[in-house]
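Step one of this worksheet: look at the structure below.
Just so you know, all these numbers are worked out from the coordinates, no wet-lab data involved. Source: prediction; values computed, not measured. Here the Cβ is made from the backbone with ideal geometry for all residues, glycine too, and neighbour counts use every protein chain on show.
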Amino acid sequence: MERVGEERLSSYAYKTYPYRRPAELDGKKKRRPVVIVGAGMAGPTLALSLALRGVPSVVLDDDDKVSFGSRSICQAKHSLEIWDRFGIAERMVEKGITWEQGEVYLRDQAIWRFNLQPEPGHKFPAFVNLQQYYVEEYLYERCAAETLIEMRHRNKVVGLSPRNDGVSVEVETLDGRYTLDTEWLVACDGVRSQVRHLMGLPFPGEVFHDQFLIADIRLKGDLPRERRFWFYPPFHPTNSVLLHRQADEILRVDFQLGRDADAEEEKKPENVDKRLRQMFGPDARWEHEWTSVYTFTCRMMEKFVHGRVVFAGDAAHVVSPFGARGGNAAVADVDNLAWKLALVLTGKASEALIDSYDFERRAASRENIQNSTRSTDFITPKFPASRAFRDAVLALAKDFPFARALINSGRLSVPTAQTESVLNTPDVDTDWKNGPAPGRAMVDAPLGNEWLVDRLGTGFSLLSFGAIEAPQVTAIDLGGSDLARQRYDARPGTAYLVRPDRYVAARWRKADPPSIQRALARAMGA
Amino acid sequence: MLKRDLNLARPDDVYNALIDAHKGLNDEQVRAFDARLILLLINHIGDEAVIREALEAAKA
């Protein structure tokens with residue numbers, strides 16, 4: 001998102017995370033396995049994922065505060081499952097707003113209600129809305145408790161010298177400059193990535209011209225939990241409006257303004273108030289939290305891996321906000337990368353394994369950009385015929401179920417498929433009716449008093465139905481769970497090999513140890 | 001496969017019903033009506049290959 005204008009009035013108490021003089025300035029130098037640039041949602045998640053696997057890292061951030069503004073608020077189930085490994089996801093669920101349903105309105109009528117997780121039996125809901133500053137605060141706190149992670153605030157990257165076996169990073173601080181030597185550098189430094197800039201790498205994509213106004217307001221009362229989207233509402237009749245509830249009784253109202261709106265005028269509190277007054281009526285009282293006028297782009301780097309420099313999150317790809325595919329894709333990126341880096345750094349896999357990050361996450365980005373672009377084209381049609389068909393879909397939706405499926409107010413983030421990845425072992429058995437195929441994310445299920453996602457190790461796991469001998473992996477026998485049997489289309493002897501990032505690498509009707517070992521070697525890039 | 005030969009028992013009646021449905025509509029109303037009609041029909045056809053073939057054929 002490109003912010004055109006912003007008003008900052010947040011009630012969130014921003015802490016300052018102190019700068020500490022780096023040891024390198026006093027001549028203490030040592031080569032680091034991983035240096036991470038950027039302390040948004042991706043950087044600290046990567047640092048924690050590496051620490052879980054015993055890999056130390058340094059996180060460099062040019063700021064000393066968490067995200068300004070609520071920004072990425074919709075935290076998807078798959079991100080929560082990742083953060084749960086660090087013990088911070090339940091806190092997010094408690095603080096945030098759980099939602100699984102959405103409503104779409106045409107003018108003043110509800111034309112569609114959808115449920116993103118209609119079945120019970122998952123540890124985490126489809127979405128928790130929580131402001132990015134809370135997510136980052138919890139991540140920073142957890143990083144601070146981790147001896148393998150060194151967070152360096154107000155440390156700005158100003159130069160890079162990539163080599164075949166590592167990178168020298170020039171860093172600027174209040175006390176002067178120093179050089180940090182690292183085997184791998186991961187750029188998680190956002191849409192205006194300094195690392196990308198320093199390397200002179202292009203960031204091609206599509207620019208969208210419609211402007212949107214985000215008004216985060218504190219409003220007391222009976223607030224809806226579900227996502228609401230209006231086409232042509234009576235309170236904003238020419239365009240669309242998206243409403244999300246966040247923690248602390250805050251609402252995110254997102255008004256589509258069109259191409260020709262004057263951002264400076266629109267972000268003035270009195271003008272925002274006029275729009276909100278029409279929406280909430282004469283008696284409502286609110287306080288402003290954050291106002292931002294934005295446009296957006298869909299962009300993606302041509303390669304995410306450049307030797308020993310790896311790009312992740314917004315630094316590598318950006319999408320429109322419809323679909324919650326920004327922050328959640330960033331978290332999925334680093335989850336994909338962490339275990340691979342750990343295997344390469346400990347000599348258990350060759351450096352070529354990192355190429356699969358590039359392949360898998362660029363495929364995911366393409367899918368995210370395609371979904372995001374389609375949603376954007378539906379919400380902001382670019383030419384008259386496109387608008388005519390959009391309006392026809394909306395007009396038919398009330399009476400014709402098929403048309404409801406065509407309403408695209410955002411296709412919300414689910415784990416992207418990586419079915420083409422070379423790390424997958426294709427199915428040999430042909431009689432699968434359902435269950436996650438190789439390249440699909442595993443699905444949670446209840447196991448007695450706990451959850452399948454709690455039982456996964458930090459390495460590979462073998463989910464089996466009946467005990468199967470499997471060295472080098474966390475063996476989990478799901479034979480006792482009816483729901484797991486259903487979700488994995490299982491019979492006695494069925495087994496799924498699950499990667500550390502919860503993707504299925506292989507599956508068998510009758511698993512045998514040699515096949516498991518071959519699939520494991522393949523999934524590790526052999 | 002997209003049918004290229006006649007598939008209507010009473011072609012003139014159906015054709016006239018189509019024209020009658022458009023009578024008295026201004027350009028904007030025609031566009032909206034046709035959009036709804038096309039959506040209803042493509043969902044009824046359901047076969048993506050046939051729909052894509054029809055999209056190509058209509059360009060000619």
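Points to keep in mind about this one:
- Sum of -39500 (n - 2.57) over DSSP H runs of 4+, divided by residues of chain A (222 nm, nearest 500): -8500 deg cm²/dmol
- Taking A:Lys510, A:Lys123 and counting other C-beta atoms within 10 Å, the order from fewest to most: A:Lys510, A:Lys123
- Shielding by partners for peptide A:79-92, expressed as the average number of C-beta atoms from other protein chains within 10 Å of each residue's C-beta, is 0.
- The value of relative contact order for segment A:374-526, using C-alpha pairs under 8 Å at least six residues apart, is 21 percent.
- With R₀ set to 35 Å, the beta-carbon distance separating A:Val207 from A:Asp165 gives a calculated FRET efficiency near 0.35.
- Computed on segment A:31-93, with alpha-carbon pairs under 8 angstrom and 6+ residues apart, the relative contact order is 30 percent.
- Amide N of segment A:9-33 lying under 18 Å from the label point, which is placed 7 angstrom from the Cα of A:Val158 along Cα→Cβ: A:19-27
- Counting 0.36 nm for each residue step from A:Thr474 to A:Arg366 and taking away their Cα separation leaves a gain of 35.7 nm.
- When you restrict to C-alpha pairs under 8 Å that are six or more residues apart and normalise by the size of chain A, the relative contact order lands at 16 percent.
- Summed side-chain charge close to A:His244 - residues other than A:His244 whose Cβ falls under 11 Å, Lys, Arg +1, Asp, Glu -1: +2
- Pairwise label distance in nanometres, A:Gln486 with B:Leu2, each label 7 Å out on the Cα-Cβ vector: 4.3 nm
- Unit charges at the beta carbon, dipole of segment A:1-129: most positive-side option, A:Asn115, A:Ile73, A:Thr16: A:Thr16
- Dipole check for chain A: with +1 at the C-beta of Lys and Arg, -1 at the C-beta of Asp and Glu, and the Cα centre as origin, the magnitude is about 600 Debye.
- Taking the centroid of alpha carbons for each part, segment A:10-27 and segment A:491-521 are 45 Å apart.
- Highest to lowest packing among A:422-428, A:184-190, scored as the average C-beta count within 10 Å: A:184-190, A:422-428
- Local electrostatic count, A:Leu497, Cβ distance below 11 Å [Lys/Arg +1, Asp/Glu -1]: +4
- Computed FRET value (nearest 0.05) for A:Asp377 with A:Arg192, which takes r as the C-beta separation and R₀ as 25 Å: 0.45
- Segment A:Ser386..A:Ala23, full-extension length gain: 124.8 nm, with 0.36 nm per residue of separation and the alpha-carbon distance subtracted.
- Cα centroid separation - segment A:276-327 against segment A:76-147, whole Å: 16 Å
- Stretching the chain fully between A:Glu264 and A:Asp355 yields a gain of 28.3 nm (0.36 nm per residue, less the alpha carbon separation).
- Unit charges at the beta carbon, dipole of segment A:174-272: most positive-side option, A:Phe255, A:Asn271, A:Leu219: A:Leu219
- Look at A:Glu150, A:Glu206 and count the other Cβ atoms within 10 Å of each Cβ; fewest to most, that gives A:Glu206, A:Glu150.
- When A:Tyr14, A:Tyr133 are arranged by Cβ crowding within 10 Å, least crowded first, meaning fewest neighbours, the order is A:Tyr14, A:Tyr133.
- Two-site label geometry, A:Arg31 and A:Asp273: point separation in nm, points 7 Å out along Cα→Cβ: 6.2 nm
- Flagged links, alpha-carbon separation over 24 Å, of A:Lys77/A:Lys303; A:Lys65/A:Lys268; A:Lys65/A:Lys156; A:Lys29/A:Lys348: A:Lys77/A:Lys303; A:Lys65/A:Lys268; A:Lys29/A:Lys348
- The protein assembly as shown - Kirkwood radius from inverse mean 1/r over Cα pairs (Å): 26.1 Å
- Separation of alpha-carbon centers, segment A:180-218 and segment A:433-484, rounded to whole Å: 36 Å
- Working from label points 7 Å from Cα in the Cα-to-Cβ sense, the B:Ala9 to B:Ile42 distance is 2.9 nm.
- Alpha-carbon Rg with Dmax, taken over chain B, Å: 13.1, 35
- Note on A:Lys95: aspartates and glutamates with a C-alpha under 13 Å away, same-chain residues under 8 apart excluded, are A:Glu137, A:Asp248, A:Glu249.
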